[in-house]
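The values are calculated or read from the model by the stated rules, or taken from the named source; none is laboratory data. Because the structure is predicted, anything quoted here is derived from the model rather than measured. Cβ atoms come from the backbone with ideal geometry, glycine included; neighbour counts cover every protein chain shown.
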Amino acid sequence: MNTVTDSAHCSCCNSVHRCPTEASGSQPACCHSAAARVRPESYHSRQLALILSAAFALPIASFLPLITVGFQGNARQVTLENMVVSLVQSHQWLLAIIVALIFILFPMAQLFLFGWLSTFASLSRRAPGQQAILRLLQWLNPWCMSDICLLGLLVAGYKMAEFIQLNTGPGFWALIWVALMSRSMTQQDLAASWHSSVPPSTSKTPPEGSGKKMMGCHRCGLLCQPDLKAKFASRCPRCHTLLARNPANTLSCSTALLLAALFCYLPANLLPVMQTTFLGGSSEKTIFSGVAAFWNSGASAIATIIFIASVMIPVLKFLVMGVLIITCYLQSQWAVSRRAQLYRLTEAIGYLSLLDVIVVVIMSCALQFAPSITVEPRSGIIFFALSVILTMLSALSFDPGLIGSRRHHE
């Protein structure tokens, strides 16, 4: 199979763009989606040092105190580990699994895998299992949310500081560094690693007269010339992904996940997300009543952040994904560039909605001073977490190449 290495394929509009040399440093962007498809300059040695420092900080962030809370002479330490333990003890198994995966296990795996790749790249060598690792990293990256945990600590800490003593621990400062490093590991790093995994039979330019036969891999961006006479569907020689996906299947999958997310979002707003017991009095709060409580207490900035993360962003995601799916079913060519940009925006901000989930988890872990004060998560927060995860899965399963395609139903 012929492949081309000096051009890149945009997964949103199916167009091809010439990549500059690494020495030029320029960054061409797709004219439709503004999504860069370039190979950045080599900086593997520096990247390895940063990754190793983050790998050292992650166990500190996971197992040492993030914050220490005190109430009436009693003290309680909050770590990522005892958040999971607290949820398990209260039989909130689903929340415990979500917290363990996206705040502990996935970031650990991400740092280890990036460190593995950077170690060999700094030696100008290909890492063993590089293609499999890159495929795993592309799946892992959207689910590493250390920055949301950090923001949740700030929001929860502001609320709890009204009636308890609160001090930051070493885990909090380590989490800041882990969050910065995790979010900096963008698709550009993956693009550089994919480029170093050059398959056999590569060429610098497309073969003569074969422009219409070249196909772009939606995973790694490699331009390929599949064998049209092959008995089975062709796969990318670099990442082994199917080059031709069934549009009807991807749209059906994305639609089903979006409808399931919408089904979970309705009870998430109607059912209480947590129950608070304070000095003998008990109350239950929904998402909206929690926003109202922050607003009425004078914390308008915190109320605005929670309202944007828990209400505006989920609604925006439902609207954007709904418009994208409907226009793709209709094979519409309306505002291709704007729709591609909206898809990228939805992909980028979708995880922010988990802010409310981590705030409830932190408060339920920290405020366990029975019988004076206790906080327990309720069913509403489980439905909300499921809604956010299903919406993210809907966006990830959606094929952005259908946005600019006229023939995806042929």
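Once segment 356-394 is narrowed to residues that are under 20 Å from C149 (Cα atoms) and hydroxyl-bearing (S, T, Y), the residue that is modelled with the lowest pLDDT is S364. Residues that are touching a Phe, Trp or Tyr at 6+ places or on another chain (Cβ under 9 Å) and closer than 30 Å to E376 by Cα were ranked within segment 306-332; the one that is surrounded by the most Cβ atoms within 10 Å (Cβ to Cβ) is S310. Among the residues that make up segment 34-46, is at least one of them over 24 Å from the mean Cα position of the chain (by Cα), at pLDDT below 85 and not in a loop (DSSP other than H, G, I, E, B)? Yes, the conditions are met somewhere in segment 34-46.
When the helices (runs of 4 or more DSSP H) confined to segment 243-311 are screened for residues that are of a type in the set (V, I, T) and within 23 Å of the chain's Cα centre (by Cα), those reaching at least 2 such residues are found at 247-270, 300-307. Evaluation of L154 against the conditions (1) touching a residue at least 24 places away in the same chain (Cβ under 8 Å); (2) under 20 Å from A61 (Cβ atoms); (3) assigned to a helix (DSSP H, G or I) shows that the sole unmet condition is (1). Output yes when any residue across segment 40-61 is in contact with a Leu (Cβ under 8 Å, 6 or more places away or on another chain) and under 30 Å from R378 (Cβ atoms), and no when none is. Checked against the condition, which is being in contact with a Leu (Cβ under 8 Å, 6 or more places away or on another chain) and under 30 Å from R378 (Cβ atoms), segment 40-61 yields at least one hit. Note on segment 269-287: residues that are surrounded by 17 or more Cβ atoms within 10 Å (Cβ to Cβ) and out of contact with any Lys or Arg (no Cβ under 8 Å at 6 or more places or on another chain) amount to 5.
Filtering segment 110-134 to residues that are in contact (Cβ under 8 Å) with a residue 12 or more places away in the chain, touching a Phe, Trp or Tyr at 6+ places or on another chain (Cβ under 7 Å) and either in a helix (DSSP H, G or I) or surrounded by 17 or more Cβ atoms within 10 Å (Cβ to Cβ) (or both) leaves I133, L134. Being assigned by the TED database to the domain that holds I176, under 28 Å from G380 (Cα atoms), not in a helix (DSSP H, G or I) and not hydrophobic (A, V, I, L, M, F, W, C) is a condition met by at least one residue of segment 91-109.
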